[in-house]
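Step one of this worksheet: look at the structure below.
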Amino acid sequence: MEYIDVAVIGGGQSGLATAHALLRLGLRPVVLEASDRAAGSWPHYYDSLTLFSPARYSSLPGMPFPGSNGDRYPHRDEVVAYLTAYGDRLDADIRTGCRVTAVRHTGDVFAVELEGGGLLSARAVGAASGTFGHPHRPALPGLEEFTGQVLHAADYRSPAPFVGGRVVVVGAGNSAVQIAAELAATARVTLATRGPVKFATQRILGRDLHFWTARTGLDAAPLGRFLPHPPAQPVLDDGRYRAALASGQPHQQPLFTGADGNKLVWPDGQREEVDAIVLATGYRPDLPYLAGLDGALDAVGAPRHREGLATGVPGLAFVGLEWQRSLSSNSLRGVGRDAERIARRLAAHLARR
């Protein structure tokens, strides 16, 4: 068995930021990444995705996002390249192709079990595996009976397979609106929501919204402790998405009430043939490896923590959770702050032992 200081589970933005913070404190983390590269979920997002924040507000600690135009919104592939370069620059033990299947507590250490039978003994664990591996698929009326195609936004890549088709996108967040608007250029699209889409203006007085949240301190304010049920974030818009919905491209209407074969039933009783439903309904923390660790998760599989530090398991911490501590906790611009706090607390825990 191999003995290590800290096992960091996940090699995306959260795991890399955590490794950076631990290294600065003199610890030697081992980053365990299930995929073949340390870029997290970014390589798997849809093709047209761009960051919601400008490049100047999209960096991990110690390495600014590259490029001379800090006001641009980087494309998905730029983020992948950035994270890959960040991992290459870290003097960290990053092991790709290492999927963690279980974490168990044995005395003062954790047994970290790997797919294929590998086993590590770690003095502390940082769970930084994100949410992409756990798409949320809510129980929607008639969804189980619908015989058309159903896919989550995690599986959506581009409009190409849906050209000329009839598509319903479910959701009211950034991804839902962006995917629906993109599809509407080549397909007949409805954005189905439980309530109205809430927008936030992307630029105010010539500045991106992130300038103002950073300047006022809102971006880093520790509001997460006061939000047992984090609010849905509004759709960031420079005007094009409001205009798209106003023009009916995509059309927006309340959620369907049932299904009959490949037909959806709308609230007014109308039945309509639909080729595909895209569920842009968000994600949940992807933590199956902690299911057998007493005190780590609650009854529905959510992490038990206070600002990222596990409340029932000494030596366990979480990084990159939505609203873990602040508005920006699960973003490139904010995860570094949380990672530094968690690293200090894990270091203090190890020092006591």
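Going residue by residue through segment 326-346, is there one that turns out to be surrounded by fewer than 19 Cβ atoms within 10 Å (Cβ to Cβ), in contact with a Phe, Trp or Tyr (Cβ under 9 Å, 6 or more places away or on another chain) and at negative phi? No, segment 326-346 has no match at all.
How about segment 115-131: which of its residues are in contact with a strand residue (DSSP E or B) (Cβ under 7 Å, 6 or more places away or on another chain) and farther than 16 Å from residue 29 by Cα? Once the filter is applied, which keeps residues that are in contact with a strand residue (DSSP E or B) (Cβ under 7 Å, 6 or more places away or on another chain) and farther than 16 Å from residue 29 by Cα, segment 115-131 yields 115, 131. None of 33, 78 is among the charged types (D, E, K, R), open to solvent by less than 30 Å² (accessible area, probe 1.4 Å), over 16 Å from residue 338 (Cα atoms) and within 20 Å of the chain's Cα centre (by Cα) except 33.
Pick from 215, 157: which is charged (D, E, K, R), assigned to a helix (DSSP H, G or I) and surrounded by fewer than 19 Cβ atoms within 10 Å (Cβ to Cβ)?
Of 215, 157, the one residue that is charged (D, E, K, R), assigned to a helix (DSSP H, G or I) and surrounded by fewer than 19 Cβ atoms within 10 Å (Cβ to Cβ) is 215.
Applying the condition of being of a type outside the set (D, E, K, R) and surrounded by fewer than 18 Cβ atoms within 10 Å (Cβ to Cβ) to segment 1-30 and asking which residue is nearest to residue 109 (Cα to Cα) yields 3.
Scanning for something free of Cβ contacts under 8 Å to residues at least 24 places away in the same chain and open to solvent by 50 Å² or more (accessible area, probe 1.4 Å), does segment 47-63 turn up at least one residue? Yes - at least one qualifying residue is present in segment 47-63. Identify the residue in segment 256-298 that is surrounded by fewer than 19 Cβ atoms within 10 Å (Cβ to Cβ) and of a type in the set (A, V, I, L, M, F, W, C) and, among all such residues, is nearest to residue 190 (Cα to Cα). Of everything passing the filter in segment 256-298, 266 is nearest to residue 190 (Cα to Cα). Look at residue 40 and say whether it is in contact (Cβ under 8 Å) with a residue 40 or more places away in the chain, under 26 Å from residue 176 (Cα atoms) and buried (at least 22 other Cβ atoms within 10 Å of the Cβ). Considered against the rule, which asks whether it is in contact (Cβ under 8 Å) with a residue 40 or more places away in the chain, under 26 Å from residue 176 (Cα atoms) and buried (at least 22 other Cβ atoms within 10 Å of the Cβ), residue 40 comes out as yes.
With the condition kept exactly as written, say whether any residue in segment 240-251 is part of a strand (DSSP E or B) and open to solvent by less than 50 Å² (accessible area, probe 1.4 Å). Within segment 240-251 (the criterion being part of a strand (DSSP E or B) and open to solvent by less than 50 Å² (accessible area, probe 1.4 Å)), the answer is no, since none of the residues qualifies. For segment 93-114, taking the residues that are over 23 Å from the mean Cα position of the chain (by Cα) and not in a strand (DSSP E or B), the one that is surrounded by the most Cβ atoms within 10 Å (Cβ to Cβ) is identified as 108. Here residue 167 qualifies as within 24 Å of residue 138 (Cβ to Cβ), modelled with pLDDT of 95 or more and in a strand (DSSP E or B).
The values are calculated or read from the model by the stated rules, or taken from the named source; none is laboratory data. Values in this document were obtained by computation on a predicted structure and should not be read as measured data. Positions of Cβ are backbone-derived with ideal geometry, glycine not excepted, and every protein chain shown enters the neighbour counts. Please note that ligands, DNA and RNA were not included when accessible areas were found on the heavy atoms of the full protein model with its side chains. Shrake-Rupley method; radii C 1.70, N 1.55, O 1.52, S 1.80 Å.
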